[in-house]
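Trainee: Input: one structure, supplied below.
Only the coordinates and a few stated rules stand behind these numbers; no lab work does. Worth saying up front: this structure is predicted, and the values here are computed from it rather than measured. Cβ placement follows ideal geometry from the backbone for every residue including glycine, while neighbour counts extend to all protein chains displayed.
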Amino acid sequence: MEDSHKSSLILILLAVVVVMAIGYAAFTQALNIEGSAHITSKWDVHIEEIAVASEINRGKNISATVSEDKLSADMQTELIMPGSSVTYNITVKNSGTLDAKLSVLNFNDSNNEAIIFSHSGIAINDEIKSNQTQTFSVTVTFDPNYTHYPEVNTSTLTMTLSYVQA
């Protein structure tokens, strides 16, 4: 009887080893999943236009140009007396397929202390939906409270915009 138990035990152990070998073989096979994706989104946010909206008290636009990256612009003005100003309307267009949010709005002037500037109609986190535009204004002014006549009566204001996906 002991021999039959030994034989049964050996058969059971052999069956366990066979099942383990089959299980190991099944789990060690490589599973390859292949696929592809095609993204059709387009990013194109840019300054579409800079237009002179007004020239007040003999303020004069010398030039308004958009840089090569199309997200910064230089506005050069001639302001000959306190209260002179030039206002620009700037249009930014989102020609892409993704909505955009303004993350950087930076203005640098030519450090002429008699010249001040302001902007309206734009703020950080403003969103421009796909295929939409946003128009805002920038005004460059000879400070009406300035008491000395500066040596240079021109000013160059550089505006830089940066957008991220909304």
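Trainee: Can you give me the distance in nm between label points at D99 and N131, each placed 7 Å from the Cα along the Cα-to-Cβ direction?
Mentor: Modelled inter-label distance: 1.6 nm.
Trainee: To continue, here is another question. About the Cα centre of the chain, what is the dipole size in debye to 20, counting +1 per Lys and Arg Cβ and -1 per Asp and Glu Cβ, all else neutral?
Mentor: Numbers: 8 positive and 18 negative charges, 68 e Å.
Charge dipole, the chain, about its Cα centre: 320 debye, nearest 20.
Trainee: Which one of F136, A26, N106 has its Cα pushed farthest toward the positive end of the charge dipole of the chain, where Lys and Arg give +1 and Asp and Glu give -1 at the Cβ?
Mentor: The one lying farthest along the dipole's positive direction is A26.
Trainee: If you don't mind, there's one more thing I want to ask. Calculate one ³J(HN,Hα) per residue across region 125-137 by plugging θ = phi - 60° into the Karplus curve 6.51 cos²θ - 1.76 cosθ + 1.60, and present them in order as whole Hz with x for glycine and proline.
Mentor: Along region 125-137, the couplings run 6, 4, 10, 10, 5, 4, 6, 10, 10, 9, 10, 9, 10 Hz.
Trainee: Oh, and also: Order by neighbour count: S41, S54, fewest other Cβ atoms within 10 Å first, most last.
Mentor: Values: S41 9, S54 13.
With the fewest neighbours first, S41, S54 line up as S41, S54.
Trainee: Rounded to the nearest 20 Debye, what is the dipole magnitude of region 72-127 about its Cα centre when Lys and Arg each give +1 and Asp and Glu each give -1 at the C-beta?
Mentor: On the way: 2 positive and 7 negative charges, 28 e Å.
In debye, rounded to 20, region 72-127 gives about 140.
Trainee: Between the helical axis of 2-27 and the dominant principal axis of the chain, each derived from Cα atoms, what acute angle in degrees is found, rounded to the nearest 10?
Mentor: Value to nearest ten degrees: 20.
Trainee: Further question on the same structure: Once fully extended, how much extra length lies between S54 and F107, figured as 0.36 nm per residue of separation less the alpha-carbon to alpha-carbon distance? Numbers along the way, then the final one.
Mentor: On the way: separation 53, 0.36 × 53 = 19.08 nm, distance 1.98 nm.
Here the segment from S54 to F107 would lengthen by 17.1 nm.
Trainee: Given the C-alpha centroids of region 1-60 and region 90-130, what is the distance between them in whole angstrom?
Mentor: After rounding, the separation between the Cα centres reads 41 Å.
Trainee: Provide the per-residue ³J(HN,Hα) series for region 65-74, in order, calculated from phi with Karplus coefficients 6.51, -1.76, 1.60 and θ = phi - 60°, each as a whole number of Hz, with x at glycine and proline positions.
Mentor: 3J(HN,Hα) across region 65-74, in whole Hz: 10, 9, 6, 4, 6, 6, 10, 9, 8, 10.
Trainee: Just from its helices, what would the mean residue ellipticity at 222 nm be for the chain, if runs of 4 or more DSSP H residues each count -39500 (n - 2.57) and the sum is divided by every residue, rounded to the nearest 500 deg cm²/dmol? Walk me through the numbers on the way to the answer.
Mentor: Numbers: 1 runs with 26 residues, N = 166.
Helix contribution divided over all residues of the chain: -5500 deg cm²/dmol.
Trainee: Collect residues whose amide H, placed 1.01 Å from N in the peptide plane, falls under 5 Å from the amide H of E48; neighbours closer than 5 in sequence don't count.
Mentor: Residues meeting the amide H criterion: T91, V92, K93.
Trainee: Out of residues 5 or more away from S54 or on other chains, whose amide H comes under 5 Å of its own, with H placed 1.01 Å from N in the peptide plane?
Mentor: T87
Trainee: Another question, then. Calculate, axis by axis, the spread of Cα positions in the chain along the three principal axes, and write the results as whole Å, longest axis first.
Mentor: On the principal axes, the chain reaches 121, 31, 23 Å in Cα extent.
Trainee: For F107, F27, F142, F117, what's the fewest-to-most ordering of other Cβ within 10 Å of each Cβ?
Mentor: On the way: F107 14, F27 8, F142 27, F117 18.
Ascending number of Cβ neighbours within 10 Å: F27, F107, F117, F142.
Trainee: Once fully extended, how much extra length lies between I80 and S120, figured as 0.36 nm per residue of separation less the alpha-carbon to alpha-carbon distance?
Mentor: Details: separation 40, 0.36 × 40 = 14.40 nm, distance 2.38 nm.
Between I80 and S120, full extension yields an extra 12.0 nm.
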